[in-house]
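Participant: First the structure, then my questions, so here it is.
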Amino acid sequence: MGKEEKYRISVLGEFMDKSLEDEFLTDSLSSSKTMTAYLALVFGLILGLFLAHSYITEAGTPLFARITPIRIVFILASVFVYFISRSITKPNHLVLVVSFYQAMMGLTYLLTLKHYGSLTYFSVLGLLVITLAMYLLPNRIVLSQLITLAFSVLFFVFPSRKLEGLQPHELHRIIAYQTIMLIHCNINYGWTGRTKRRHFMANRELFELSIRDSLTGAYNRKKFDDAVDEWIKISQRYGNPLSIIFFDIDNFKAINDQHGHLVGDGVLKDVAAVVGQQIRETDVFARWGGDEFVILLPNTDLVRAEQVVERIRASLGSSAASTLKGITCSFGVAACEEHDTKQSLLRKVDHLLLQAKTAGKDRVVG
């Protein structure tokens, strides 16, 4: 899939590519769950104020006795959402929590209105405000649409009929206002989502540029240094095998001297392209410097690492690229041992590469 195709954003403001959308949701999880937590507190506090007002004006009445449990349940749900959302580690779990809370908002309002004998136009204002509040919560736009649409339909099916002095043309006008509100919220939600994803793409591109070698597209040395530190710790903590391959292009200086640096650059790019096709996504392939490259192989023992090298050598030898005709490489292969550090592991594999060079090149020493 091409970059433009992968980065396509739908009309709803979400990435068409599911894996990229999941990556975006994971990246924005921290801010989304913080927003959810504090909005839940605010909404719970607002309903608490309504409950206090009802206590002052309606305490002791049957109406107060009926609506108080409904409001208390919502306030407790708000506290629950505050605490649970702060501990969420997966975007899908946050989506479930937010959807639940949006549904609770609508249900609480509808159940409260059910207990009033007659309603005022403030009830319609409440419909608009709650719809807007639902869209403040960071949920998947499709789910927000379904919940707010269901809330609107249920309001017009039953509670709105209890509005005092409501004429048919006034009901139609209220429906039009709610439709305009839904359209506005969806356009704003979709546009905001699109803008956030464009910023995410730009930051992602900048990050990729910061960790990639500009010529070959392989990782740069800084990225490799960070990765090898991390994988050595994981290997030594859990006992997982870890191997490293260090290689360079034989007689590369002669290629530059005889054919020029542009040809040499072409060789480097084509070698990197061939190697990239023979390793896993979890492997860390980096340009070490000049014509030297390094490959970190997590969860790979020495025997399997040597098999990877032979596969790379065979691919280089059979490549159709004109720049790779007659090109060979020398390889050093080593496994990370119990007391290895980054420095000792790199010294070990560098020494093995040197042995391969001095033994005649175009070979593997492990």
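The values are calculated or read from the model by the stated rules, or taken from the named source; none is laboratory data. Treat the numbers as computed from the prediction; the structure is a model and nothing was measured. Quick reminder, even Gly has a Cβ in these numbers, built from the backbone with ideal geometry, and neighbours come from all protein chains shown. Just the protein is used for accessible areas: all its heavy atoms, side chains included, with ligands, DNA and RNA removed. Shrake-Rupley method; radii C 1.70, N 1.55, O 1.52, S 1.80 Å.
Participant: I'd like the carbon and sulfur percentage of the solvent accessible area for the chain, probe radius 1.4 Å, heavy atoms only, ligands and nucleic acids excluded. Before the final figure, lay out the partial values.
Facilitator: Working: 12250 of 19900 Å².
Here it works out to 62 percent.
Participant: Apply the Karplus curve 6.51 cos²θ - 1.76 cosθ + 1.60, θ = phi - 60°, to the phi angles in the stretch 32-43 and return the couplings in whole Hz, x for Gly and Pro.
Facilitator: Residue by residue, the stretch 32-43 yields 5, 6, 5, 4, 4, 4, 6, 5, 4, 4, 4, 5 Hz.
Participant: Under 18 Å from a point 7 Å along the Cα-to-Cβ line of residue 120: which residues of the stretch 54-90 have their amide N that close?
Facilitator: Once the point is set 7 Å along Cα→Cβ of residue 120, 54-59, 63-64 turn out to lie under 18 Å by backbone N, inside the stretch 54-90.
Participant: In whole percent, what relative contact order does the chain give with Cα contacts below 8 Å and a gap of six or more residues?
Facilitator: With pairs under 8 Å counted, the relative contact order is 13 percent.
Participant: Is the shape of the stretch 199-314 rounded, prolate or oblate, going by the alpha carbon gyration tensor and its root eigenvalues a ≥ b ≥ c, with a/c under 1.5 for rounded and a/b larger than b/c for prolate? Numbers along the way, then the final one.
Facilitator: On the way: a/c = 2.24, a/b = 1.26, b/c = 1.78.
Because a/c hits 1.5 or more and a/b fails to exceed b/c, the stretch 199-314 counts as oblate.
Participant: Leaving ligands, DNA and RNA out of it, rank 134, 201, 16 by accessible area with a 1.4 Å probe, largest first. Before the final figure, lay out each step's value.
Facilitator: Values: 134 0, 201 30, 16 105 Å².
Highest to lowest solvent-accessible surface, that is 16, 201, 134.
Participant: Report ³J(HN,Hα) in whole Hz for each residue of the stretch 178-184, in order, from the Karplus equation J = 6.51 cos²θ - 1.76 cosθ + 1.60 where θ = phi - 60°; Gly and Pro get x.
Facilitator: Values, residue by residue: 5, 5, 4, 4, 5, 4, 4 Hz.
Participant: Would you work out which of 195, 271, 302 lies farthest towards the positive end of the dipole of the chain, given +1 charges on the beta-carbon of Lys and Arg and -1 on that of Asp and Glu, about the Cα centre?
Facilitator: My answer, from the dipole projection, is 195.
Participant: Expressed in nm to one decimal, what extension gain is obtained for the pair residue 236 and residue 206 from 0.36 nm per residue of sequence separation less their Cα-Cα distance? Intermediate results must be reported in sequence, preceding the final value.
Facilitator: On the way: separation 30, 0.36 × 30 = 10.80 nm, distance 3.23 nm.
Here the answer is 7.6 nm.
Participant: Enter the accessible area of residue 153 (Å², nearest 10), with the probe set to 1.4 Å and all protein chains included.
Facilitator: About 80 Å², rounded to the nearest 10.
Participant: Of the listed values (i) 98, 44, 25; (ii) 69, 52, 45; (iii) 56, 48, 45, identify the label whose number matches Cα extents along the principal axes in Å calculated from this model.
Facilitator: The calculated read-out lines up with (i).
Participant: Quick one: length gained pulling residue 195 to residue 156 fully straight, 0.36 nm per residue minus the C-alpha distance? Please report the intermediate quantities before stating the final value.
Facilitator: Details: separation 39, 0.36 × 39 = 14.04 nm, distance 3.37 nm.
So the chain would gain 10.7 nm between residue 195 and residue 156.
Participant: Right, another one. About the Cα centre of the chain, what is the dipole size in debye to 20, counting +1 per Lys and Arg Cβ and -1 per Asp and Glu Cβ, all else neutral? Please list the in-between numbers first.
Facilitator: Numbers: 39 positive and 35 negative charges, 228 e Å.
Computed about the Cα centre, the dipole is about 1100 debye.
Participant: Return the FRET efficiency for the residue pair residue 171, residue 225: r is the Cβ-Cβ distance, R0 is 41 Å, and the value is rounded to the nearest 0.05.
Facilitator: 0.05
Participant: Report, ordered by chain and residue number, the lysines lying within cross-link reach of residue 114, taken as a straight Cα distance under 24 Å and ignoring same-chain residues fewer than 8 apart.
Facilitator: The qualifying lysines are 162.
Participant: Taking residue 6 as the anchor, which lysines have their alpha carbon closer than 18 Å to its alpha carbon, excluding any fewer than eight residues away along the same chain?
Facilitator: Reachable lysines: 18, 196.
Participant: Follow-up question, since we're still on this one. If I ignore ligands, DNA and RNA and count only protein heavy atoms, how much of residue 259 is accessible to a 1.4 Å probe, in Å² to the nearest 10?
Facilitator: Surface accessible to solvent at residue 259 totals approximately 120 Å².
Participant: Simple spin-label model, 7 Å along Cα-to-Cβ: residue 344 to residue 31 in nm?
Facilitator: 4.4
Participant: Further, regarding this structure: Taking every DSSP beta bridge with both residues inside the chain, roughly what % is antiparallel (nearest 5)? Working shown, then result.
Facilitator: On the way: 21 of 25 bridges.
Just about 85 percent of them are antiparallel.
Participant: Projected onto the charge dipole of the chain (+1 at Lys/Arg Cβ, -1 at Asp/Glu Cβ, origin at the Cα centre), which of 43, 160, 179 gives the Cα projection farthest towards the positive end?
Facilitator: Comparing the listed Cα positions along the dipole, 160 ranks first.
Participant: Can you work out the FRET efficiency for the pair residue 149 and residue 129, with r the C-beta to C-beta distance and R0 = 25 Å, to the nearest 0.05? Could the numbers behind the result be given before it?
Facilitator: Numbers: r = 17 Å, r/R0 = 0.67.
Efficiency at R0 = 25 Å is approximately 0.90.
Participant: Suppose R0 equals 22 Å. What FRET efficiency, 1/(1 + (r/R0)^6) with r the Cβ-Cβ distance, do residue 253 and residue 361 give to the nearest 0.05? Walk me through the numbers on the way to the answer.
Facilitator: Details: r = 13 Å, r/R0 = 0.58.
Efficiency for this residue pair is about 0.95.
Participant: Give the ranking of 358, 68, 131 by solvent-accessible surface, highest area first, calculated with a 1.4 Å probe. It would help to have the intermediate numbers written out before the result.
Facilitator: Details: 358 110, 68 20, 131 0 Å².
Sorted descending by solvent-accessible area, the residues read 358, 68, 131.
Participant: Stretched out fully, how many nm does the piece from residue 11 to residue 63 gain, at 0.36 nm a residue minus the Cα gap?
Facilitator: Net length gain for the segment: 14.2 nm.
Participant: Something else: Compare 182, 262 by solvent-accessible area with a 1.4 Å probe and give them largest first, with all protein chains kept in place.
Facilitator: Numbers: 182 25, 262 155 Å².
Per-residue accessible area, sorted high to low, gives 262, 182.
Participant: I'd like the accessible area for residue 47: 1.4 Å probe, protein heavy atoms, all chains in place, Å² to the nearest 10.
Facilitator: Its accessible surface works out to 30 Å², give or take rounding.
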